[in-house]
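Structure first, commentary second.
The values are calculated or read from the model by the stated rules, or taken from the named source; none is laboratory data. A quick note: this is a predicted structure, and the numbers were derived from the prediction, not measured. Glycine also receives a Cβ, built like all others from the backbone with ideal geometry; neighbour counts cover every protein chain displayed. Just the protein is used for accessible areas: all its heavy atoms, side chains included, with ligands, DNA and RNA removed. Shrake-Rupley method; radii C 1.70, N 1.55, O 1.52, S 1.80 Å.
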Amino acid sequence: LQGVQHEGWRVARLAIGGRFDAAMRSLEQAWKRLQVLGLFHVDAHYTSVRCSLLICSGRAGEITEEMLESSGIAMLVPATAHDLALIAAGARGDTRRAAELASSPWEPLRDDWTQVASLAYRAMAVAVVGDQQEAERTYARLLPYKGGLVMGGNILTLGPVDLHLAKLALLLGRRDEAGELLGSCAADADREGLTWWADQARGLLRATHKQ
């Protein structure tokens, strides 16, 4: 079990550093060990982390609804499964499926140790369909975590909270606020040596200035 924990920390450390391919390889090693141990919901935990790495590496379109169903994510956390399916549909440019998923009410998010990660997924899903009301609600719930990292346990990460807040602010038409968030995000990430995330913030800031 201790070996699995260390492998899990390695996945998170690599992902925080923007090394998603290496993190995926470490995840495969951790999953093999978890299978041997026979712990509960192994497939769901593995798939949830895999989805986060696919999203961060720009491969969200590889997430399938079959993957979410067969792993047990859809049963265990239906809100996250719905949001992941919507993110994937948006990444694939599948507007028909995105509209179908958006036609149902937003599933309530659980108030537990996965909340910040769930809010980050919700922020990304909201951006696909441009739902400003849900964007405002998500922003308000994510704001208390400003300045931190999105983590789901000790293994899943989706980068700085401020990056997700900035994207929501842009969706809501608050460009100055988004600019401040992106600037602080880049500065904080630089200070902590998180150059990949700093580059993401600066890239979005430059794109915002060009609009």
*HN-Hα J couplings of the range 199-209 from phi, Karplus 6.51/-1.76/1.60, θ = phi - 60°, integer Hz, Gly and Pro as x?*
5, 4, 5, 5, x, 5, 5, 4, 5, 5, 5
*Kirkwood hydrodynamic radius (C-alpha pairs) into Stokes-Einstein, the range 87-211, 4 °C and 1.567 mPa s, D in µm²/s*: 86 µm²/s
*If you build a Gaussian network model of the chain, linking Cα atoms that sit under 10 Å apart, which residue out of Lys146, Lys167, Lys32 swings the most?*
Lys32
*Can you list residues whose amide H is under 5 Å from Arg59's amide H, if they're 5+ apart or on another chain and H is modeled 1.01 Å from N?*
none
*Share of the range 30-153's accessible area from carbon and sulfur, percent, 1.4 Å?*
56 percent
*Calculate, in nm to one decimal, what Ala99 and Arg19 gain on full extension: separation in residues at 0.36 nm each, minus their alpha carbon distance.*
25.5 nm
*Normalising by the residue count of the chain, find the relative contact order in percent from Cα pairs under 8 Å and 6+ residues apart.*
17 percent
*Given labels modelled 7 Å from the Cα in the Cβ direction, how far is it in nm from Gln115 to His209?*
3.7 nm
_Stokes-Einstein D for the range 25-124, Kirkwood Rh over Cα pairs, 25 °C, 0.890 mPa s (µm²/s)_ = 175 µm²/s
*Rounded, prolate or oblate: which fits the chain when a ≥ b ≥ c are the square roots of the eigenvalues of the alpha-carbon gyration tensor, with rounded for a/c under 1.5 and prolate only if a/b beats b/c?*
oblate
*Evaluated at 25 °C with a viscosity of 0.890 mPa s, what Stokes-Einstein diffusion coefficient in µm²/s does the range 88-147 have when Rh comes from the Kirkwood expression over alpha-carbon pairs?*
200 µm²/s
*Apply the Karplus parameterisation 6.51 cos²θ - 1.76 cosθ + 1.60, with θ equal to phi minus 60°, to every residue of the range 168-177 and state each ³J(HN,Hα) to the nearest whole Hz, in sequence, with x for glycine and proline.*
5, 4, 5, 4, 8, x, 9, 5, 5, 4
*asked:* For the pair Gln133/Arg59, report the inter-label distance in nm, with labels modelled 7 Å from Cα in the Cβ direction.
replied: 3.8 nm
*the chain: most fluctuating residue of Ala89, Ala22, Ala178 per GNM, C-alpha cutoff 10 Å*: Ala22
*Evaluate the distance, in nm, between pseudo-label points positioned 7 Å from the Cα of Leu76 and of Asp199 along their respective Cα→Cβ axes.*
3.2 nm
*Can you list the HN-Hα couplings for the range 69-78, worked out from phi with the Karplus curve (6.51, -1.76, 1.60; θ = phi - 60°), rounded to whole Hz and with x for Gly and Pro?*
6, 5, 7, x, 4, 4, 7, 6, 9, x
_Keeping every protein chain present and rolling a 1.4 Å probe, give me the accessible area per residue for the range 118-211 in Å²._
46 Å²
*Please list, in chain and number order, the residues 5+ apart from Leu149 or on another chain whose amide H is under 5 Å from its amide H, with Hs placed from the backbone.*
Val161
